[in-house]
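Chemist: Right, I'll just put the structure down here and ask away after.
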Amino acid sequence: MGTQNWWESAKIYELYVDKFARDFKGLTARLDYFNHLGINALQVLPHYPSPMIDDGYDISDYRNVRPALGTLGDFSAFVAAAHAQGINVIVDLVANHVSSTHPWFLEARSSRENAKRDWFIWSETGREFENAPNPFIDFKPSNWIWNEMTRDYYYATFYPEQPDLNWDNPRVLEDMLATIDFWVDQCVDGFRLDAVPFLVERDYTKSQGLPETHRIVRAIHGHLQTRHKGSVMLL
């Protein structure tokens, strides 16, 4: 019988760092608590820099730590201490959208000729994808949000401040895989992908769980299997 993968017997505790322990130093000091509970994996909800419109799911930098939670060094020290106690660390990876304050979007919304323009989804009419869900209907009448600077609309499944990435652009996948590599270099043990069903939009469909979306998920999983064996991907 082969050796069991660590996640097959994982007892995962999901948490916001600030709500549980204020910051990464505080979380590191409380690791004994998880051992007492028999927890052997922590899923850290978004810890990235963010304006906090949506509890950190509006990310403005994929490769850093929100200052209120500490530094990247504090994060690395937390992971090392967790591993020393037999606790694996999973981080949330928000792949569907970024914050409207992310440098990519600030560039994209500034000009129709900007190099980052095709990293997002745009419309002259705001009428495409009419069958797609609008989860935050109380905050926006449509998923299409007016951009005054370029006089057109950008697409945002969730809050207006969370523009969707254009996963038809292969450079988005390339950068997301590089982000995965970055955090594996920080010794994280896996990723939970957020809002995966919404990655790709198509007219005349509900724009959820499309075949193109499954291909993206397989590409991310294949990258982990090839480059980072032992890392887990949760959906």
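Chemist: Return the total of residues in segment 2-23 being among the aromatic types (Phe, Trp, Tyr) and open to solvent by 70 Å² or more (accessible area, probe 1.4 Å).
Modeler: 1
Chemist: Still on this structure, please answer the following. Has segment 204-227 got at least one residue that is of a type in the set (Phe, Trp, Tyr) and closer than 21 Å to residue 112 by Cβ?
Modeler: no
Chemist: Also, quick follow-up: Only one of 146, 122 is touching a Gly at 6+ places or on another chain (Cβ under 9 Å) and not hydroxyl-bearing (Ser, Thr, Tyr). Can you tell me which?
Modeler: Being touching a Gly at 6+ places or on another chain (Cβ under 9 Å) and not hydroxyl-bearing (Ser, Thr, Tyr) holds for just one of 146, 122, which is 146.
Chemist: Oh, and also: Could you check segment 182-211 and list, in sequence order, the residues that are free of Cβ contacts under 8 Å to residues at least 60 places away in the same chain and either surrounded by 13 or more Cβ atoms within 10 Å (Cβ to Cβ) or of a type in the set (A, V, I, L, M) (or both)?
Modeler: 184, 197, 200, 209, 210 - these are the residues of segment 182-211 that are free of Cβ contacts under 8 Å to residues at least 60 places away in the same chain and either surrounded by 13 or more Cβ atoms within 10 Å (Cβ to Cβ) or of a type in the set (A, V, I, L, M) (or both).
Chemist: State whether the residues of segment 194-211 include one that is assigned to a loop (DSSP other than H, G, I, E, B) and under 29 Å from residue 40 (Cβ atoms).
Modeler: yes
Chemist: Here's a follow-up. Only one of these is closer than 19 Å to residue 10 by Cα and either part of a helix (DSSP H, G or I) or open to solvent by 10 Å² or more (accessible area, probe 1.4 Å) (or both): 73, 126, 26, 86. Name it.
Modeler: The unique qualifying residue is 86.
Chemist: Only residues that are over 19 Å from residue 14 (Cα atoms), outside any loop (DSSP other than H, G, I, E, B) and either out of contact with any strand residue (DSSP E or B) (no Cβ under 8 Å at 6 or more places or on another chain) or open to solvent by less than 40 Å² (accessible area, probe 1.4 Å) (or both): list them for segment 89-123, please.
Modeler: 97, 103, 104, 105, 106, 107, 108, 117, 118, 119, 120, 123
Chemist: Regarding segment 146-165, can at least one residue be identified that is open to solvent by less than 30 Å² (accessible area, probe 1.4 Å), part of a helix (DSSP H, G or I) and on the phi < 0 side of the Ramachandran plot?
Modeler: The answer is no; no qualifying residue exists.
The values are calculated or read from the model by the stated rules, or taken from the named source; none is laboratory data. Keep in mind it's a predicted model, so treat the numbers as computed, not measured. Glycine gets a Cβ as well: all are built from the backbone with ideal geometry, and neighbour counts include every protein chain shown. Ligands, DNA and RNA are excluded from the accessible area calculation, which covers all protein heavy atoms including side chains. Shrake-Rupley method; radii C 1.70, N 1.55, O 1.52, S 1.80 Å.
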